[in-house]
1. Give the calculated FRET efficiency between VAL72 and ASP96 to the nearest 0.05, with a Förster radius of 30 Å applied to their Cβ-Cβ distance.
2. Would any residue of region 144-170 have its amide N under 17 Å from a label point 7 Å out along Cα→Cβ of ASN132? List them or say none.
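Every number in this text was worked out from the coordinates using simple rules, so none of it is lab data. Everything numeric here is computed off the predicted structure, so don't read it as measured data. In this analysis, Cβ positions are derived from the backbone assuming ideal geometry, glycine residues included, and neighbour counts consider all displayed protein chains.
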Amino acid sequence: MLFVRDLQIPARIGQVDQPEAGGGVEEVGADPSTTALRDALPLPVLGRSERGFTLVELMVVLVILGLLATIVIINVVPAVDKASETRAKADIEIIDQAVQRYYLDNRRYPTTAEGLNALQPYLRRISQDPWNRAYIYATPGSNGRPYSITSLGADGRAGGSGKDADITSN
């Protein structure tokens, strides 16, 4: 069996010390071709490439990672706002359907005082809007409708535009 400790490490690149005649380390019953193979293999030389990264290389990697993070954040934040608006519209549509079922059963719409609590038998749960505020139910509604369901948007105030715009049932 051949062990790493049996190999001779050269003092300089390209210099290979040959074992002295009769004085080298030999295996019992070793094939002479294995010692020739051992002597022919290049030995690792510690050079500049194996010492690690330079400060400049690390800084370049950090700058690239920072740019990638910025691009991801710029693209994800608007998607979160759009998802919140979409969820509010879907919630309002579900509440609107519950109001219609309430009307079919009771031949009237819930009053403002009864609010969304009157819809509990028709909804699994009465959720809050994506900004953790209650939906607003009012009778009579705007535009001649008998009721309206509203979320005040991200800012929580009436009016606004963009992500702060109110979301109201039709």
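1. Step by step, r from the Cβ atoms, then E = 0.25.
2. 152-157
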